[in-house]
């Protein structure tokens with residue numbers, strides 16, 4: 001089985017594309033396609049905090065039968081694993097660590113992140129909540145030029161079973177970039193089996209990011225500019241089986257990536273994801 005260096009492969013693909021195409025817009029950054037990896041999903045943290053109203057540890061691991069990066073698989077057939085651990089105290093301060101494993105990348109554990117943040121519930125009914133966080137990512141050997149620092153914030157609104165989240169962030173450490181994401185979900189309880197509850201919570205997710213573009217005007221003339229554009233959209237169809245301590249999630253996720261480059265021919269894709277989470281009150 002042949003293995004690839006993930007970041008080296010990305011730089012190769014983008015450099016080759018830039019060299020072979022003229023009179024078209026090309027991105028000189030790779031990390032805008034990786035923004036999705038740096039977006040910490042705070043919804044699980046927020047929901048668990050509201051439910052437990054105290055400090056806790058939350059451990060989880062997820063499996064994707066096909067690994068995508070903002071809707072792109074770069075023609076590599078591989079699965080992904082993502083373990084994570086989050087600690088949240090009663091004051092809303094949280095610490096988190098996560099790793100990412102890809103079956104066809106060498107080294108397979110090519111990304112590890114740690115971070116800290118603060119979460120606030122607003123109002124007596126706690127319909128609104130906000131969070132702010134910082135995280136640092138330890139990247140692979142071929143990751144030069146990739147932003148490894150991220151500052152982010154998130155605003156969440158919950159009305160009964162409807163939940164709306166808007167998040168934004170600033171990535172730095174190399175060529176600075178920023179992103180904006182939004183998600184909308186609606187939870188429906190299907191049935192209860194003993195202490196467990198089976199629910200369906202479809203989710204729509206959209207990711208926008210800054211793009212650094214080089215446009216070739218002539219053989220020797222280039223124009224560099226920065227644009228902000230949609231990278232990917234997702235529809236997630238999850239079935240959740242959970243109680244107060246354990247939650248199991250089976251999802252089918254649809255990607256709708258945006259063609260950033262003029263010669264890109266991306267199409268929609270889908271994959272299955274399974275996740276297991278365990279919360280421990282402290």
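On the basis of being at pLDDT 50 or above, under 15 Å from residue 137 (Cβ atoms) and within 21 Å of the chain's Cα centre (by Cα), does residue 103 make the cut? First the steps, then the outcome.
Numbers: at pLDDT 50 or above: yes; under 15 Å from residue 137 (Cβ atoms): no; within 21 Å of the chain's Cα centre (by Cα): yes.
Answer is no for this residue.
Can you name every residue in region 193-222 that is touching a strand residue (DSSP E or B) at 6+ places or on another chain (Cβ under 7 Å), at pLDDT 85 or above, surrounded by fewer than 16 Cβ atoms within 10 Å (Cβ to Cβ) and outside any strand (DSSP E or B)?
Of everything in region 193-222, just one residue is touching a strand residue (DSSP E or B) at 6+ places or on another chain (Cβ under 7 Å), at pLDDT 85 or above, surrounded by fewer than 16 Cβ atoms within 10 Å (Cβ to Cβ) and outside any strand (DSSP E or B), namely 202.
For region 137-153, which positions are under 19 Å from the mean Cα position of the chain (by Cα) and either closer than 30 Å to residue 106 by Cα or at pLDDT below 90 (or both)?
Answer for region 137-153, where residues must be under 19 Å from the mean Cα position of the chain (by Cα) and either closer than 30 Å to residue 106 by Cα or at pLDDT below 90 (or both): 137, 138, 139, 140, 143, 146, 147, 148, 149, 150, 151, 152.
Search region 231-258 for residues being surrounded by fewer than 17 Cβ atoms within 10 Å (Cβ to Cβ) and closer than 14 Å to residue 63 by Cβ, and hand back the single one that is farthest from the chain's Cα centre (by Cα).
Within region 231-258, the match that is farthest from the chain's Cα centre (by Cα) is 248.
Of the residues that sit in region 259-276 and are surrounded by 15 or more Cβ atoms within 10 Å (Cβ to Cβ) and at pLDDT below 90, which one is farthest from residue 82 (Cα to Cα)?
Only one residue tops the list, namely 261.
The values are calculated or read from the model by the stated rules, or taken from the named source; none is laboratory data. What you see is a predicted model; the values in this text were computed from it and never measured. Every residue, glycine among them, receives a Cβ derived from its backbone with ideal geometry; neighbour counts consider all protein chains shown.
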